[in-house]
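A.B. asks: The structure under discussion is supplied below as structure tokens; questions concerning it will follow.
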Amino acid sequence: MTARLIDGRARAARLLSEVAEATARLRAERDIQPGLAVVLVGQDPASEIYVNSKIRRTEEAGMRSIAHRLPAEVAEAELLALITRLNRDPQIHGILVQLPLPAPLDRARVIDAIAPEKDVDGFTAVNVGRLANGEPALVPCTPLGCLMLLEETLGDLRGQVATIIGCSNVVGRPLIQLLLQRDCSVMVAHRHTRNIAAMVRAADIVVVAAGVPNLVRGSWLKPGVVVLDVGINRLEGARGERRIVGDVAFEEALAVASAITPVPGGVGPMTIACLLANTLDACRRQIESAERSPVPA
Ligand code: GUN
């Protein structure tokens, strides 16, 4: 068997063009431009790259993009005051604080200062709780992208057995909830799991978000499984050449799986596309909520 490649670039391009069309309609018909504020604290090089590409994509979709760059030494009170201003700004519909935050800033205090209706990362305790309760929520972008790729590949997910490797707040934990909501049976492996191979072998769907190159071997996989590789590992070869690889031994998995995401070009492009879809969604909900309870003049 040679696995089909799941083309995340193509799926993300389709989603981005739908978002851009809907944005153009909102601007033409309602004179409302969805606005996304991105806050970057410090100068982490990887975060700089992510933030710059988020800003570029936001503008390409016809949305308003506002970037706030703060020094690593910023006082937490100053960062919280900025978030409060953005919460109150009617031109801003989505707020994203790039993680990780430099020490000693408190991630939970900073993230939970974001108004839940503008929390386009889905990281606030309110949105995490809503997702866990099966209530309407803004959902973290990478697991949302994973769900879209799985539904495109498999259709209805009911009854599928899924193993997720990695239980971070950004990917693994929200994905557990999303797959449970689609009536999957979900197993979760992490660094203390004794026999990850056995959990992988039992699965129809394997999602790997561990940050460990070549962690999942072809011999672990059940024939016909669908594999999503969320890992992005930057490696240097013997001659100093740089390569990006995922968490799955790709060539081995190709021979066993029925479908697999490549790295790069699989899950990665879905994250930004889902961020903009969330921003549009947040904007629409804010318009509806303003129409339900208009502020008296
Ligand atoms: N750092 C790594 N991934 C993410 C993400 O999806 N959102 C934010 N805000 N920071 C991140």
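A.B. asks: Please arrange Lys54, Lys222 by accessible surface area, largest first, computed with a 1.4 Å probe and ligands excluded.
C.D. replies: Lys222, Lys54
A.B. asks: A further question follows. Once you have a ≥ b ≥ c as the square roots of the Cα gyration tensor eigenvalues for segment 160-297, tell me rounded if a/c is under 1.5, and otherwise prolate or oblate according to whether a/b is larger than b/c.
C.D. replies: Note, shape of segment 160-297 comes out prolate.
A.B. asks: Where q = 0.11, 0.20 Å⁻¹, what log10 of I(q)/I(0) comes from the Debye formula for segment 49-200, counting one point per Cα?
C.D. replies: -0.53, -1.30
A.B. asks: To continue, here is another question. For His93, His192, give the ranking by accessible area with the largest first, probe 1.4 Å.
C.D. replies: His192, His93
A.B. asks: OK, next. Which one, Ser168, Cys184, Asn195, projects farthest toward the positive side of the charge dipole computed for segment 131-205 from Cβ point charges (K/R +1, D/E -1)?
C.D. replies: The one lying farthest along the dipole's positive direction is Asn195.
A.B. asks: Take every DSSP beta bridge with both residues inside segment 194-274 and express the antiparallel ones as a percent of the total, to the nearest 5.
C.D. replies: 35 percent
A.B. asks: Still on this structure: Looking at the chain, what % of its DSSP beta bridges pair antiparallel, to the nearest 5?
C.D. replies: 10 percent
A.B. asks: Quick one: 3J(HN,Hα) in Hz for segment 79-96, Karplus 6.51/-1.76/1.60 with θ = phi - 60°, rounded, Gly and Pro as x.
C.D. replies: Listing the rounded values in order: 5, 5, 5, 4, 4, 4, 4, 5, 4, 8, 7, x, 7, 9, 10, x, 10, 10 Hz.
A.B. asks: Report, in whole Å, the centroid distance computed from the Cα atoms of segment 54-111 and segment 244-270.
C.D. replies: 32 Å
A.B. asks: What residues have an amide H closer than 5 Å to that of Arg4, excluding those fewer than 5 places away on the same chain, when H is modeled at 1.01 Å from N in the peptide plane?
C.D. replies: Sorted by chain and number, the residues that satisfy this are Ala259, Ile260.
A.B. asks: Using the Kirkwood radius over Cα pairs, work out the Stokes-Einstein diffusion coefficient for segment 1-79 at 25 °C and 0.890 mPa s, in µm²/s as a whole number.
C.D. replies: Result for D is 163 µm²/s.
A.B. asks: Taking a quarter of the surface of the Cα convex hull of the chain, what do you get in nm²?
C.D. replies: Orientation-averaged projected area of the Cα hull: 17.3 nm².
A.B. asks: Additional query: With springs connecting C-alpha atoms under 10 Å apart, model the chain as a Gaussian network and identify which of Pro262, Pro102, Pro140 has the largest mean-square fluctuation.
C.D. replies: In this elastic network of the chain, the residue with the biggest mean-square fluctuation among Pro262, Pro102, Pro140 is Pro102.
A.B. asks: Please give me the summed charge of the neighbours of Gln43: other residues whose Cβ is under 12 Å from its Cβ, Lys and Arg +1, Asp and Glu -1.
C.D. replies: Computed value for this residue: -2.
A.B. asks: Per-residue ellipticity at 222 nm for the chain, helices alone: DSSP H runs ≥ 4 residues times -39500 (n - 2.57), over residue total, nearest 500 deg cm²/dmol?
C.D. replies: Only helices count here, giving -13500 deg cm²/dmol.
A.B. asks: Okay, moving on. Which value, in nm² and rounded to one decimal, describes the direction-averaged projected area of the C-alpha convex hull of segment 189-257?
C.D. replies: 4.8 nm²
A.B. asks: Cysteines without a disulfide-compatible partner in the chain, using Cβ under 4.7 Å as the rule?
C.D. replies: Cys146, Cys167, Cys184, Cys283
A.B. asks: Then there's this: Keeping every protein chain present and rolling a 1.4 Å probe, give me the accessible area per residue for segment 99-218 in Å².
C.D. replies: That works out to 44 Å² per residue.
A.B. asks: If amide hydrogens are placed 1.01 Å from N in the peptide plane, which non-local residues have theirs closer than 5 Å to the one on Arg64?
C.D. replies: Placed amide hydrogens put Gly35, Leu36 under 5 Å from Arg64.
A.B. asks: What number, in percent, do you get for the relative contact order of the chain if the mean sequence gap of Cα pairs under 8 Å and at least 6 apart is divided by its residue count?
C.D. replies: 22 percent
A.B. asks: Round to a whole number: what % of the accessible area of segment 119-159 belongs to carbon and sulfur, probe 1.4 Å?
C.D. replies: Exposed carbon and sulfur together represent 51 percent of the surface.
The values are calculated or read from the model by the stated rules, or taken from the named source; none is laboratory data. What you are looking at is a predicted structure, and each value in this text was computed from that prediction instead of being measured. With ideal geometry, Cβ positions are generated from the backbone for all residues, glycine too; neighbour counts draw on all protein chains shown. What goes into the accessible areas is simple: the full protein's heavy atoms, side chains included, and nothing from ligands, DNA or RNA. Shrake-Rupley method; radii C 1.70, N 1.55, O 1.52, S 1.80 Å.
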